[in-house]
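What follows is a single structure, written as structure tokens, with notes after it.
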Amino acid sequence: MPFAVAESLAARGIAPVLFPLRGACDPVQVEKFRHRWISVGQLGRAMRLFREEGCRDLIFIGTLMRPSLSEVRFDLKTLRLLGHVVRAFRGGDDHLLSGVGRMLEQDGFRMVGIKDVAPDLLMPEGCITRALPADNARSDIERGRAVLAALSPFDIGQAVVVIDGHVVAVEDIEGTDGLLQRVARLRSEGRIRAARGRGVLVKAPKRGQDLRFDLPTIGPRTVEGVASAGLSGIAVIAGNTIAAEPQAMIERADANYLFVIGLQS
């Protein structure tokens, strides 16, 4: 996703600068763009580099395996903000990202979201595949949306799998790929008895989530996971979900007779 956003900006004449985290980014992909490497805990270095590159507008993109505080090597600026950092770590991912974002904004930067800088990467409303959701799938979608809304205050995850009205799995720290692998395993173990081709992966932002950070994302790999899990399709919130490699995603969904639909928020 970071590279898709960078390419979207470049195509519109905006020169992006990447600040990849060491150990969390593909160096080969990063080399295609102007970049400056930073490490987790180097808030002071990051701010200095942002200013050196003339970057006032910042966007968080991608995922990171959350380190424990004991594993982070803080620089002097981060140590001065340690109380704020500790409070940011005490919560879910949305709480952490918004906490770090507030620290950066207090230092004069402006946090923006993909909705602001690369709206072309967002999922449109309606079905983008040849397959359409059947009535039972639409019922599963509504159940999934209700479950995610109820879980929102706990900042747990952004995805759920519902099969014939039964909630079989909720996203946790393993992410959407891990969620779908779990459903596929449960099916292979006979714990899920529903026929293949039933059930839906539903993804939605948490209620009250700062939509500048950590929007739900789907792409070709999501489609592959849904196919392996034996589901019928994917339902996400239009305008608030990132569609990575949309053409490849649609082609793989059509090849597996799966639907991908953008829902009204």
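Throughout, read-outs are computed from the coordinates displayed, never taken from laboratory work. The structure displayed is predicted, hence computed values, not measured ones. Note that each Cβ is placed from the backbone with ideal geometry, even for glycine, and that neighbours are counted across all protein chains shown.
Measuring r between the beta carbons of Y257 and R12 and using R0 = 35 Å, the FRET efficiency lands at 0.45. Other residues within the sphere of radius under 10 Å centred on the Cβ of V167, judged by their own Cβ, net out at 0 (K and R +1, D and E -1).
Distance from the C-alpha centroid of region 105-182 to that of region 230-262: 12 Å, rounded to the whole angstrom. The phi torsions of region 116-121, fed into the Karplus equation with coefficients 6.51, -1.76 and 1.60 and a -60° offset, translate into couplings of 7, 9, 9, x, 5, 8 Hz, rounded to whole numbers, with Gly and Pro shown as x.
How much FRET efficiency would the formula 1/(1 + (r/R0)^6) give for Q247 and A149, where r is the Cβ-Cβ distance and R0 is 25 Å, rounded to 0.05? Efficiency, from the Cβ-Cβ distance: 0.20.
In this label model, R51 and R193 are separated by 6.6 nm, measuring between points 7 Å along each Cα→Cβ vector.
Rounded to the nearest angstrom and listed largest first, the equivalent-ellipsoid semi-axes of region 122-263 from its Cα gyration tensor are 20, 18, 14. On full extension, the segment bounded by Q181 and K77 gains 33.4 nm, given 0.36 nm per residue less the C-alpha separation. Taking label points 7 Å from Cα along the Cα-to-Cβ direction, A24 and D210 give a separation of 1.5 nm. With a simple spin-label model that places each label point 7 Å from the Cα along the Cα-to-Cβ direction, the separation between D107 and E174 comes to 3.6 nm.
The simple Förster model, with R0 at 25 Å and r as the Cβ-Cβ distance, assigns Q264 and R130 a FRET efficiency of 0.70.
Rg over Rh for region 1-65 works out to 0.93, both radii taken from alpha-carbon positions and Rh defined as the Kirkwood radius. Working ranking of peptides 182-188, 234-240, 129-135 by packing, defined as the average number of other Cβ atoms within 10 Å per residue, highest first, is 234-240, 182-188, 129-135. For the chain, the convex hull drawn through the C-alpha positions has a volume of 133 cubic angstrom per residue.
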